[in-house]
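Trainee: Pasting in a structure now, in structure tokens, and then I'll have a few things to ask.
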Amino acid sequence: MAATYEPIATSTVSGTTTTTVSFTGIDSVYTDLKVIVVATSINSSSTLVLRLNNDTTTNYSYIRLRGNGTAASTTIATAASSIPFDTTGTSTTIPSLYIFDIFNYAGSTFKPILATGSEDRNGSGNIWNYAASWRSTTAVNRVDIALSSANFTDGSMVTLYGIKAA
Amino acid sequence: MSPIPGIIASSQTGGLATFNSIATVAGTGSSGTITFSNIPSNYKHLQIRYIGKSTQTGTAARYNYTIQFNSDTNANYSRHGLSSDGATISSSGSADQTSISTINVSIPNSASAYANMHGSGIIDIHDYSSTSKAKTLRAFVGNDVAASSSGRINLFSGLYFATPTAISTITITLATGSWTTTSSFALYGIKG
């Protein structure tokens, strides 16, 4: 029986040749999934993205609220191929923190997602908040965290948690 | 965002005793109220995680909801918030309110344009069982309906400043329509 808040798997990147961290065969016994990423990349300005079930079609949409220390901005995307944290991308030296909450991931309706990103570079950076969705009625059985144009640095970590309601 | 009390990340199964599921309440399709009652006082903080949708049909629309504690309908609440619809960022604050409300519409209705869509949220209530402190709330909620200027992302804080007492009841009331049967609210207790 699944515990209430349980680590399902952790992937710690070894070397510098990994562009995508994947969790596959995700059990449907939980209520929500939570993905926590602490990462740097070997090249700066690389976008970190979330994809579900290896879906690369435009089944994602989101509203994004961002602050960069100077100004707040907002964006909407109604047909995206992922949930991206873009603009300035991951750092090569300073870890960025990203958290994705995927609600009712095993249900038969679209999957609501709330996400935050913290990219503080001691003088620059971003804070992000997303309300998003994956417009598929299929249960999530795979989560991919990928960099668009770079590889993760050694030691970058992605953890998948399951949260189970009573 | 939400409290993560010393999580051990590994590939091993085995849960955390510090984060416990207290109760789950589903919408009935005929009531706009979700209630958690008889909340035990042996946790440090509470977290509510939900997906929600209104039964209202017709024109596609989204609605607010309110949060009250201990069935208190007096002006013992305040809140501040930051919101965006993807085009416009807004902020607001309200004092001496009879509830804590979402600052911008977060719950989609059952119009055909919103088929299969739900709002979602994480609401943290800190030190809820204290008998000497006012109660603070932090929420990250939103709904994305894949349409320009129709979804919302909402970040808000709340304060419940009645004479301090432990929170034993939480009532979440939808502004329009009833909570659908696909709506689900899960209450978790976090040990400190």
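The values are calculated or read from the model by the stated rules, or taken from the named source; none is laboratory data. These numbers were taken from a predicted model, which means no experiment stands behind them. We place every Cβ from the backbone using ideal geometry, glycine too, and count neighbours over all the protein chains shown. Areas reflect the complete protein model, heavy atoms only, side chains present, ligands, DNA and RNA absent. Shrake-Rupley method; radii C 1.70, N 1.55, O 1.52, S 1.80 Å.
Trainee: Got a sec? Which of A:25, A:69, A:15 is under 30 Å from residue B:114 (Cα atoms) and surrounded by fewer than 20 Cβ atoms within 10 Å (Cβ to Cβ)?
Mentor: Residue meeting the stated conditions: A:25.
Trainee: Go through the residues of region B:89-98 one by one and say whether even a single one is open to solvent by less than 40 Å² (accessible area, probe 1.4 Å) and either in a strand (DSSP E or B) or farther than 21 Å from residue B:184 by Cα (or both).
Mentor: Among the residues of region B:89-98, at least one is open to solvent by less than 40 Å² (accessible area, probe 1.4 Å) and either in a strand (DSSP E or B) or farther than 21 Å from residue B:184 by Cα (or both), which makes the answer yes.
Trainee: Do you know which residues across region B:64-88 are within 14 Å of another protein chain (Cβ to nearest Cβ), in a strand (DSSP E or B) and open to solvent by less than 20 Å² (accessible area, probe 1.4 Å)?
Mentor: B:81, B:83, B:84
Trainee: Further, regarding this structure: Filter region A:99-111 for residues that are open to solvent by less than 10 Å² (accessible area, probe 1.4 Å) and either of a type in the set (S, T, N, Q) or touching an Asp or Glu at 6+ places or on another chain (Cβ under 8 Å) (or both) and give the result.
Mentor: Within region A:99-111, A:101, A:102, A:103, A:105 meet the criteria.
Trainee: On to the next question. Just to be sure, is residue A:47 touching a residue at least 40 places away in the same chain (Cβ under 8 Å), of a type outside the set (Gly, Ala, Ser), over 26 Å from residue B:18 (Cβ atoms) and touching a Gly at 6+ places or on another chain (Cβ under 6 Å)?
Mentor: yes
Trainee: Take residue A:44 and tell me if it is farther than 30 Å from residue B:53 by Cα, within 13 Å of another protein chain (Cβ to nearest Cβ), surrounded by fewer than 22 Cβ atoms within 10 Å (Cβ to Cβ) and among the polar types (S, T, N, Q).
Mentor: no
Trainee: Is one or more of the residues making up region A:123-133 crowded, with 20+ Cβ neighbours inside 10 Å and more than 13 Å from residue A:66 (Cα to Cα)?
Mentor: Yes, region A:123-133 contains at least one residue that is crowded, with 20+ Cβ neighbours inside 10 Å and more than 13 Å from residue A:66 (Cα to Cα).
Trainee: Look at region A:137-166 and say how many of its residues are more than 9 Å from chain B (Cβ to nearest Cβ), out of contact with any strand residue (DSSP E or B) (no Cβ under 7 Å at 6 or more places or on another chain) and either open to solvent by less than 20 Å² (accessible area, probe 1.4 Å) or of a type outside the set (D, E, K, R) (or both).
Mentor: Residues meeting the conditions: 3.
Trainee: If you don't mind, there's one more thing I want to ask. Please specify each residue of region A:121-142 satisfying the condition of being of a type in the set (Val, Ile, Thr) and part of a strand (DSSP E or B).
Mentor: The one that is of a type in the set (Val, Ile, Thr) and part of a strand (DSSP E or B): A:127.
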